[in-house]
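Structure record follows, encoded as structure tokens.
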Amino acid sequence: MEKNAYLDAMGITRWKKAVPQADIMTILVNPLRLKEVDSLLFTTVLSFIGVDIEHCRFAARAEPAAKVIWDMRGKQAVESDDRLISAPINELETNVEAKKALWANMQAYMLKKGS
């Protein structure tokens with residue numbers, strides 16, 4: 001029997017190298033939207049700014065030392081030059097103006113990051 005098939009049959013998960021905590025980035029979402037984090041929009045936006053979604057976590061609020069990459073809590077979002085700011089995911093998927101605002105914010109973020 002193949003080793004991987006045996007491990008799968010036994011329900012054993014494979015070891016993955018842990019990502020150091022400093023490399024984990026936070027995406028702030030509205031607490032009501034924490035279950036809606038499987039949208040393709042996340043991967044698309046993050047890949048555009050050069051971030052792998054595997055190195056991100058979703059949270060309703062930032063921990064003290066967290067590196068926040070994207071604040072999408074809508075009206076609760078805190079303005080900052082070092083992160084993306086946008087409407088919540090449900091608005092981004094349905095509202096053209098919210099998408100335009102995110103696009104403008106992404107461009108400003110990339111210009112700032114490149115400087």
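The values are calculated or read from the model by the stated rules, or taken from the named source; none is laboratory data. Keep in mind that this is a model prediction, so the values were computed, not measured. In this analysis, Cβ positions are derived from the backbone assuming ideal geometry, glycine residues included, and neighbour counts consider all displayed protein chains. Please note that ligands, DNA and RNA were not included when accessible areas were found on the heavy atoms of the full protein model with its side chains. Shrake-Rupley method; radii C 1.70, N 1.55, O 1.52, S 1.80 Å.
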- Residue check for ARG57: of a type in the set (D, E, K, R) and open to solvent by 70 Å² or more (accessible area, probe 1.4 Å): no
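Restricting the search to the range 31-44, which residues are within 15 Å of LEU84 (Cα to Cα) and touching a helix residue (DSSP H, G or I) at 6+ places or on another chain (Cβ under 7 Å)? Spell out how you get there, then give the answer.
Going residue by residue through the range 31-44, those that are within 15 Å of LEU84 (Cα to Cα) are 41-44.
LEU41, PHE42, THR43, listed by residue number.
Table: residues versus (1) outside any loop (DSSP other than H, G, I, E, B); (2) small (Gly, Ala, Ser); (3) within 22 Å of LYS35 (Cα to Cα).
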position: VAL45; (1), (2), (3): yes, no, yes
position: VAL51; (1), (2), (3): no, no, yes
position: PHE58; (1), (2), (3): yes, no, yes
position: GLU63; (1), (2), (3): no, no, yes
position: ASP82; (1), (2), (3): no, no, no
position: LEU92; (1), (2), (3): yes, no, yes
position: ALA101; (1), (2), (3): yes, yes, no
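Only one of these is closer than 20 Å to MET25 by Cβ and surrounded by 19 or more Cβ atoms within 10 Å (Cβ to Cβ): SER80, SER86. Name it.
On the way: SER80 fails: surrounded by 19 or more Cβ atoms within 10 Å (Cβ to Cβ).
It is SER86.
Filter the range 23-32 down to the residues that are modelled with pLDDT under 90 and touching a strand residue (DSSP E or B) at 6+ places or on another chain (Cβ under 8 Å) and list them by number.
Keep residues of the range 23-32 that are modelled with pLDDT under 90, which gives 23-24, 30-32.
Within the range 23-32, ILE24, ASN30 qualify.
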- Taking the range 64-83 and keeping residues closer than 14 Å to LYS113 by Cα and out of contact with any Leu (no Cβ under 8 Å at 6 or more places or on another chain) leaves SER80, ASP81, ASP82, ARG83
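Among the candidates LYS67, LYS35, LYS99, single out the residue that is loosely packed, with under 13 Cβ neighbours inside 10 Å, among the basic types (Lys, Arg) and either in contact (Cβ under 8 Å) with a residue 60 or more places away in the chain or out of contact with any Cys (no Cβ under 8 Å at 6 or more places or on another chain) (or both).
On the way: LYS67 fails: loosely packed, with under 13 Cβ neighbours inside 10 Å; LYS99 fails: loosely packed, with under 13 Cβ neighbours inside 10 Å.
The unique qualifying residue is LYS35.
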